[in-house]
Amino acid sequence: MPDDSIFDQYPLDQWKDPDHRIMDRFSLKGKKGFVTGGAGGLGRNVAAAWAEAGADVAIVDLPRTRETLEPLAAELSERYGVNVVPLYCDVSDREQVDMLKTSLIERLGTVDVAFINAGVNVPGDDADEPYEVWQKTIDINLTGAYLTARIAQHIMREHGHGGSLVFTSSLSAHNANFIGGGPSPVAAYGASKAGIYEYARYLAAALAPYGIRSNTVSPGYVWSGIFEGRIVPEAHDMMTAPVPMRRFGTNEEIAAAVLFLASDASSYVTGTNLQVDGGYSVY
Ligand SMILES: NC(=O)c1ccc[n+]([C@@H]2O[C@H](COP(=O)([O-])OP(=O)(O)OC[C@H]3O[C@@H](n4cnc5c(N)ncnc54)[C@H](O)[C@@H]3O)[C@@H](O)[C@H]2O)c1
């Protein structure tokens, strides 16, 4: 008789177990995670989503965000009954990221989920962007993603468990985000986000044997707070004209996608990119 026990890993009807709930897959109960760019619009909403889902969370950002991070961590801890801690780190600084690894282990014990999200977006409509702007954008967005994902996967592998890495890419990774006369980001921005997209796919292949998944979310235009006071209603209309849904996205719409990718709801999803862009990418 051939041994067909290999097929036992594929249950056909899990819902038939009276205690089984598919919604439990979206829970992060007992998990530990960190969010970079945690004081920003997307970061703080993902931190809130993960805390509500039951995870202990480290919110990581630059020291200048202390006045945002300290009360945010206290509010999320209190509201959701989990441990939310602020940690300060420049993600483009290798030594600071190494120290972040130590702090994460001290404050959370381990890391199961990481939202690699810190980023800068320098406006510019000129293809001849200054070298300093190019270098800063690549250092923070791309090298920062590499450094912080690296400590996350090191912790997961050293502690002998799997996990989920979720990176913030962008519509700018897949489309030329050039709005002539409008608030375009510099070309380095799209280059950095395309780099993140491919880096995450490589990690998906390389880390699958360790039970670590790696995916990107690519937001379209999101009313995250960064546009507030920076664009006029005409610019809003111009930016949303190529969006089939004719509006910006919200922070929570991105947070829901990131919760899906972090949680076991996406346990067979790795190396993929989830566009959350109101349909921008269909054209
Ligand atoms: N809002 C959008 O429309 C949109 C669209 C696509 C992608 N994104 C990406 O989403 C991410 C979050 O954007 P957001 O809209 O929340 O912007 P945001 O400016 O509100 O948040 C970015 C956060 O990153 C932090 N940060 C910047 N440099 C850092 C560094 N060196 N080290 C640590 N932290 C640093 C900032 O302090 C800030 O809190 C960014 O990577 C951005 O490129 C945003």
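The values are calculated or read from the model by the stated rules, or taken from the named source; none is laboratory data. Quick caveat, the model's predicted, so the values are computed rather than measured. FYI the Cβ positions are ideal-geometry reconstructions off the backbone, even for glycines, and counts take in every protein chain you see. Only protein heavy atoms, including side chains, enter the accessible area calculation; ligands, DNA and RNA are left aside. Shrake-Rupley method; radii C 1.70, N 1.55, O 1.52, S 1.80 Å.
Tabulated values for the structure
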quantity: Within the accessible area of segment 75-189 (1.4 Å probe), percent carbon and sulfur; calculated: 48 percent
quantity: Heavy atoms of residue 274 accessible to a 1.4 Å probe, total area in Å² rounded to 10; calculated: 60 Å²
quantity: Residue-by-residue Karplus 3J(HN,Hα) for segment 102-119, coefficients 6.51, -1.76, 1.60, Hz, glycine and proline x; calculated: 4, 5, 4, 5, 4, 8, 10, x, 7, 9, 9, 9, 9, 10, 8, 9, 4, x
quantity: Ellipticity estimate at 222 nm from DSSP helix runs (n ≥ 4, -39,500 (n - 2.57)) divided over the chain, nearest 500; calculated: -12000 deg cm²/dmol
quantity: Solvent-accessible ranking of 139, 98, largest area first, probe 1.4 Å; calculated: 98, 139
quantity: Reciprocal mean inverse distance between Cα atoms of segment 1-114 - Kirkwood radius, Å; calculated: 15.8 Å
quantity: 1.4 Å probe accessible area per residue over the chain, in Å²; calculated: 51 Å²
quantity: Top of 150, 21, 66 by mean-square fluctuation, Gaussian network on the chain, Cα under 10 Å; calculated: 21
quantity: Amide H contacts under 5 Å for residue 274, placed H, 5+ residues apart; calculated: 216, 217, 218
quantity: Percent breakdown of C-alpha pair distances by 10 Å bin, ordered from the shortest bin, for segment 131-205; calculated: 19, 43, 25, 10, 2, 0
quantity: Chain lengthening between residue 52 and residue 146 when straightened (0.36 nm per residue, less Cα-Cα); calculated: 31.1 nm
quantity: Amide H within-cut-off set for residue 57, under 5 Å, with H built and near neighbours excluded; calculated: 33, 83, 84, 85
quantity: For segment 5-65, size of Cβ-based charge dipole, Lys and Arg +1, Asp and Glu -1, in debye; calculated: 320 debye
quantity: Signed unit charges on C-beta, dipole axis of segment 181-283, positive-most listed residue 231, 248, 191; calculated: 191
quantity: Where only C-alpha atoms are counted, convex hull volume of the chain per residue in Å³; calculated: 161 Å³
quantity: Considering only the chain, percent of DSSP beta bridges that pair antiparallel, nearest 5; calculated: 5 percent
quantity: Efficiency of FRET between residue 135 and residue 103 - r from beta-carbon atoms, R0 22 angstrom, step 0.05; calculated: 0.20
quantity: Accessible area of segment 212-283 belonging to carbon and sulfur atoms, whole % at 1.4 Å probe; calculated: 58 percent
quantity: Using alpha-carbon coordinates, inclination of helix 41-52 to the longest axis of the chain, degrees; calculated: 20 degrees
quantity: Over segment 15-63, equivalent-ellipsoid semi-axes from the Cα gyration tensor in Å; calculated: 29, 10, 6
quantity: Segment 250-270-segment 52-72 distance, computed between alpha-carbon centres (Å); calculated: 19 Å
quantity: HN-Hα J in Hz across segment 121-137 - Karplus 6.51, -1.76, 1.60, θ = phi - 60°, x for Gly and Pro; calculated: 9, 7, x, x, 10, 10, 4, 8, 6, x, 3, 4, 5, 4, 5, 5, 5
quantity: Span per principal axis, largest first, for the Cα atoms of segment 181-283 (Å); calculated: 50, 28, 26
quantity: Per-residue SASA entry for residue 44, accessible area with 1.4 Å probe, Å² rounded to 10; calculated: 80 Å²
quantity: Unit charges at the beta carbon, dipole of segment 208-283: most positive-side option, 283, 221, 271; calculated: 271
quantity: Lys, Arg +1 and Asp, Glu -1 on Cβ, resulting dipole of segment 1-152 about Cα centre, debye, nearest 20; calculated: 460 debye
quantity: Table column - 3J(HN,Hα) (Hz), segment 194-206, Karplus curve with 6.51, -1.76, 1.60, x for Gly and Pro; calculated: 5, x, 4, 4, 6, 4, 5, 5, 4, 4, 4, 5, 6
